[in-house]
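Here's the structure, in structure tokens; my notes come after.
Any read-out appearing in this document is the output of simple, stated calculations on the displayed coordinates, not a laboratory observation. Treat the numbers as computed from the prediction; the structure is a model and nothing was measured. Glycine also receives a Cβ, built like all others from the backbone with ideal geometry; neighbour counts cover every protein chain displayed.
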Amino acid sequence: QAKIAGKNRFEFFNLQLNDNLKAHYEYLDQISNGLNMGEFELYYQPKVEMRTGNLIGAEALIRWQHPDKGLLSPLTFLPQIEEHPLSITLGEWVIHQALKQLETWKTKNIAIAISVNISAHHLMQSNFAERLAEILAEHPSVNPADLQIEILETSQIEDLKHTTNMINLCNKLGVSFALDDFGTGYSSLTYLKKLPIHQIKIDQSFVKEMLYNINDLSILEAIISLAEAFQHEVLAEGVETIEQGNILLQLGCELAQGYAISKPLPASDFPNWLSNWQPPQEWINSELQTHD
Ligand code: C2E
Ligand code: MG
Ligand code: MG
Ligand code: MG
């Protein structure tokens, strides 16, 4: 009796597994079709220097204009393709698209650098730098220095040797790197010492809490000092209020990104935002922090 029940349970489990897998494969097909149908789009969020208002770049953030479900956040579909070859197809599409955008903006006299997010899985590919060189070669009018790559601190970065090597190869092409969501991942001082990155992006969770939580304020201060010690640029993500910007400026963090400046915008809205943008007066009037 027990044996039969066990067998039935096993079959039931198998059926469910099949259903889930089927749904998963269908979803992968939808993403793949969506890419071919041009349903994906990059939005752009400005990165600025708070005191001067200078635009230092724009981060490309992917969106899926789904025919039935509307505009989808990357958090709904990227996790489904992590580690899957599709994540590389998509990653390369993002790089292409960003380079095309740089070409378009160049013709409109918008001088800007674009940063793209690249998954750890993609960066782990042994031919990543080679492919990047090929893609750059397809856009000869783009200066590679106008492309930046944001990587997350994940367990895969623990393969420090590969990651360091890969970043070095890309740096030789002229492409620089930022360490994204800093403070939430696996970072250690060793990473910071070894990774040839240009910019540290402080995770938005610390910015969000700093007005209420003294510990987060201390973490912010520590990250900013670390960045200075390693001579990396430091940028705060998720700056939603003028007040948050004020405090960051007091702590010596000059670069920011967030809703207080602009939400991520469709590429076509970006020039208009740029011509109207002015930093809040409080940021302009803040004193330049010099540390000794
Ligand atoms: P991220 O790279 O850390 O990007 C910042 C996220 O914070 C974006 O969410 C952005 O819309 C959001 N954000 C910006 N300013 C504010 C703010 O002031 N307040 C709040 N609450 N949020 C703000 P988004 O676009 O949903 O992207 C989520 C994550 O998905 C990104 O985090 C990035 O890790 C990943 N992602 C986005 N596009 C791509 C892509 O093309 N490729 C890869 N591999 N990952 C991507
Ligand atoms: Mg990012
Ligand atoms: Mg981030
Ligand atoms: Mg993030």
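Can you compute the charge dipole magnitude of the range 206-254 about its Cα centre, using +1 on each Lys and Arg Cβ and -1 on each Asp and Glu Cβ, nothing else charged? Give it in debye, rounded to the nearest 20.
80 debye
So how far apart, in nm, are the two label points at ALA145 and TYR25 if each is 7 Å from Cα heading toward Cβ?
Taking the simple label geometry, ALA145 and TYR25 are separated by 5.0 nm.
Select from PHE128, PHE230, PHE182 the residue whose mean-square fluctuation is largest in a Gaussian network model of the chain (Cα-Cα springs shorter than 10 Å).
So, out of PHE128, PHE230, PHE182, the one fluctuating most is PHE230.
To test your reading of the geometry: what angle, between 0 and 90 degrees and rounded to tens, separates the Cα axis of helix 85-107 from the longest principal axis of the chain?
The angle comes out near 30 degrees.
Apply the a/c threshold of 1.5 to the C-alpha gyration tensor of the range 153-275 and tell me whether it is rounded, prolate or oblate.
Cα axes put the range 153-275 in the oblate bin.
Evaluate the charge dipole of the chain about its Cα centre and quote only its size in Debye, nearest 20, assuming +1 on the Cβ of each Lys and Arg and -1 on the Cβ of each Asp and Glu.
Dipole of the chain, to the nearest 20 debye: 620 debye.
Tell me the relative contact order for the range 27-94 as a rounded percent, counting alpha carbon contacts under 8 Å between residues six or more apart.
Answer for the range 27-94 is 26 percent.
In debye, nearest 20: dipole of the range 21-79 around its Cα centre with unit charges on the Cβ of K, R (+) and D, E (-)?
200 debye
Could you pull out every residue, at least 5 positions away or on a different chain, whose amide H is within less than 5 Å of the one on LYS47? Hs are placed 1.01 Å off N in the peptide plane, and Pro or chain starts have none.
Long-range HN contacts for LYS47: ILE56, GLY57, ALA58, GLU59.
Of GLU237, GLU138, how do they rank once you tally other Cβ atoms within 10 Å and put the fewest first?
GLU138, GLU237
Among SER73, ILE88, ILE112, which residue has its Cα positioned farthest towards the positive end of the charge dipole of the range 56-173, with +1 placed on the Cβ of Lys and Arg, -1 on the Cβ of Asp and Glu, and the dipole taken about the Cα centre?
Positive-end residue among those listed: ILE112.
What FRET efficiency do you get for ASP269 and GLN231 if R0 is 41 Å and r is their Cβ-Cβ distance, rounded to the nearest 0.05?
Computed FRET efficiency for ASP269 and GLN231: 0.70.
Among LYS108, LYS208, LYS47, whose mean-square fluctuation peaks in a Gaussian network model of the chain (Cα, cutoff 10 Å)?
Looking only at LYS108, LYS208, LYS47, the largest GNM fluctuation is found for LYS108.
At 7 Å along the Cα-to-beta-carbon direction for both LYS108 and LYS172, put a label point, then send me their distance in nm to one decimal.
A separation of 3.6 nm, rounded to one decimal place.
Once every DSSP H run of n ≥ 4 in the chain is given -39500 (n - 2.57) and the sum is divided by its residues, what mean residue ellipticity at 222 nm do you get, rounded to the nearest 500 deg cm²/dmol?
It lands at -15500 deg cm²/dmol.
Going 7 Å from the Cα of MET37 in the Cα-to-Cβ direction, what parts of the range 90-116 have a backbone nitrogen less than 18 Å from that spot?
Correct set: 90.
Cβ under 11 Å from PHE230's Cβ, PHE230 left aside: what net charge do those residues give with Lys, Arg +1 and Asp, Glu -1?
The answer is 0.
Please give the contour-minus-distance gain from GLN278 to LYS161: 0.36 nm per residue of separation, less the Cα-Cα distance, rounded to one decimal in nm.
Result: 37.9 nm gained on full extension.
Could you state the angle between the C-alpha long axis of helix 128-137 and the longest principal axis of the C-alpha atoms of the chain, as a value from 0 to 90 degrees rounded to the nearest 10?
So the helix axis and the longest Cα principal axis differ by about 70 degrees.
Considering only THR184, ALA145, GLY258, whose Cα is most displaced toward the positive end of the charge dipole of the range 133-292, charges sitting on Cβ of Lys, Arg (+1) and Asp, Glu (-1)?
The residue sitting most towards the positive pole is ALA145.
To the nearest 10 degrees, how steeply does helix 214-229 sit against the main Cα axis of the chain, on a 0 to 90 scale?
Helix 214-229 and the main axis of the chain meet at about 70 degrees.
Given the convex hull over the Cα atoms of the chain, what projected area results after averaging over all orientations, in nm²?
For the chain, averaging the hull's shadow over all directions gives 19.8 nm².
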